[in-house]
């Protein structure tokens with residue numbers, strides 16, 4: 001029997017029995033992320049003590065394997081750890097086999113309506129499938145998908161969105177509510193558990209940030225499986241980043257969530273940048289250079305806005321876990337940059353290189369960026385001196 005593939009007598013279920021040797025009962029309190037069941041999605045493990053993983057989704061036609069591979073490789077380079085692809089046709093399902101050969105992160109097949117697409121995706125190498133059992137069809141069709149997932153040891157992500165709630169749920173709660181979203185999701189989880197499978201991940205999404213937060217707090221009291229968290233249909237890069245940062249920030253700070261996606265109408269690489277910063281800001285991830293900069297004022301004698309943006313782009317490919325400050329003037333720059341490992345402060349046609357609040361050298365304005373990059377590239381060597 002595959003590990004985690006079938007429900008054991010003492011395995012965690014939504015009704016609650018035992019979690020890591022401790023009793024867990026429905027309604028007893030949050031199931032924090034490190035208490036959830038560990039699930040393997042290809043080479044990436046989530047749940048338990050594993051870190052929160054960053055996910056994104058391709059916006060290419062999956063049938064176009066070459067374009068999809070190209071985009072996934074770019075997302076890998078940006079820091080994506082799990083990638084989801086839409087599988088609307090059998091041609092898309094077949095393309096997964098070639099795509100899998102050329103990428104290095106787990107692939108999730110996103111399935112709607114046709115259970116045969118889920119089966120084909122699994123057979124062609126998907127590391128996880130995302131379905132809403134409510135739109136797959138009859139129980140027999142759902143069972144066919146579950147049996148294939150069990151055969152291949154592939155996790156199923158049970159996904160429910162606020163826009164996909166069943167009529168009886170909407171009538172019961174008189175519209176879309178957090179309680180209705182949770183009830184719908186747990187009904188689907190129980191259905192699959194009753195079919196003897198608990199290799200599950202759960203996602204509940206809404207474009208209403210506060211409703212989404214409430215739903216996650218509710219489900220975390222009743223669900224032992226890893227939760228994939230996101231604010232669906234959050235909007236363009238600007239509005240989507242704000243809504244996702246607020247929603248994901250609250251949910252993650254509460255100790256809930258095992259994988260995240262920042263859903264944006266834009267370049268998926270922007271999703272990764274924002275997700276990394278959210279996790280780092282919450283202390284859930286280390287690594288990567290953090291850039292801090294002052295908001296500018298009347299004392300600023302340098303193009304601080306342009307300089308800060310250039311620094312942020314420049315450090316993206318430098319694998320250091322430090323803080324870099326970009327300050328607008330030499331009056332307060334050294335003091336304000338004291339908490340940073342290294343920084344630069346601008347003056348009239350010149351600037352300062354600062355380490356731990358101490359001025360190291362003065363250089364011409366046009367040399368500031370290059371001087372900072374040279375210091376960063378030689379950071380480990382200089383630190384050992």
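The values are calculated or read from the model by the stated rules, or taken from the named source; none is laboratory data. All of these numbers come straight from a predicted model, not from anything done at the bench. Cβ coordinates were reconstructed from backbone atoms using ideal geometry, including for glycine residues, and neighbour counts include every protein chain displayed.
Things to note:
A quick yes/no check of all residues on (1) farther than 19 Å from residue 149 by Cα; (2) buried (at least 18 other Cβ atoms within 10 Å of the Cβ); (3) in contact with a helix residue (DSSP H, G or I) (Cβ under 8 Å, 6 or more places away or on another chain):
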site: 180; (1), (2), (3): yes, yes, yes
site: 188; (1), (2), (3): no, yes, yes
site: 209; (1), (2), (3): yes, yes, yes
site: 216; (1), (2), (3): yes, yes, yes
site: 236; (1), (2), (3): yes, no, no
site: 239; (1), (2), (3): yes, no, no
site: 242; (1), (2), (3): yes, no, no
site: 250; (1), (2), (3): yes, no, yes
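- Residue that is surrounded by the most Cβ atoms within 10 Å (Cβ to Cβ), among those in region 55-68 that are more than 20 Å from residue 263 (Cα to Cα) and touching a helix residue (DSSP H, G or I) at 6+ places or on another chain (Cβ under 7 Å): 65
- For the condition at pLDDT 95 or above, in the same structural domain as residue 64 (by TED's automatic domain parsing) and surrounded by fewer than 23 Cβ atoms within 10 Å (Cβ to Cβ), residue 91 qualifies.
- Count - residues of region 346-385 that are out of contact with any helix residue (DSSP H, G or I) (no Cβ under 8 Å at 6 or more places or on another chain), part of a helix (DSSP H, G or I) and over 17 Å from residue 294 (Cβ atoms): 10
- Taken over region 298-309, the residue count meeting the criterion of being touching a strand residue (DSSP E or B) at 6+ places or on another chain (Cβ under 9 Å) and more than 16 Å from residue 277 (Cβ to Cβ) is 7.
- Taken over region 295-315, the criterion of being in contact (Cβ under 8 Å) with a residue 12 or more places away in the chain and closer than 23 Å to residue 270 by Cα is satisfied by 304, 307, 308, 310, 311, 312, 314, 315.
- Enumeration of residues in region 32-54 that are closer than 23 Å to residue 97 by Cα and in contact with a helix residue (DSSP H, G or I) (Cβ under 7 Å, 6 or more places away or on another chain): 54
- In region 134-161, residue surrounded by the most Cβ atoms within 10 Å (Cβ to Cβ) [restricted to those that are under 19 Å from residue 215 (Cβ atoms) and in contact with a strand residue (DSSP E or B) (Cβ under 7 Å, 6 or more places away or on another chain)]: 160
- Of the helices (runs of 4 or more DSSP H) lying entirely inside region 29-146, those carrying at least 2 residues that are without any contact (Cβ under 8 Å) to a residue 24 or more places away in the chain are 65-78.
- Annotation for region 161-169: at least one member residue is in contact (Cβ under 8 Å) with a residue 12 or more places away in the chain and closer than 22 Å to residue 33 by Cβ.
- Elements of type helices (runs of 4 or more DSSP H) in region 250-339, at least 1 residues being assigned by TED's automatic domain parsing to the domain that holds residue 205 and at pLDDT 90 or above: 268-281
- Residue among 352, 377, 368 that is modelled with pLDDT of 80 or more and under 13 Å from residue 307 (Cα atoms): 368
- Test: residue in region 199-207 that is surrounded by 16 or more Cβ atoms within 10 Å (Cβ to Cβ) and in a helix (DSSP H, G or I): no
- For region 218-234, the criterion of being modelled with pLDDT under 85, buried (at least 16 other Cβ atoms within 10 Å of the Cβ) and in contact with a strand residue (DSSP E or B) (Cβ under 6 Å, 6 or more places away or on another chain) is satisfied by at least one residue.
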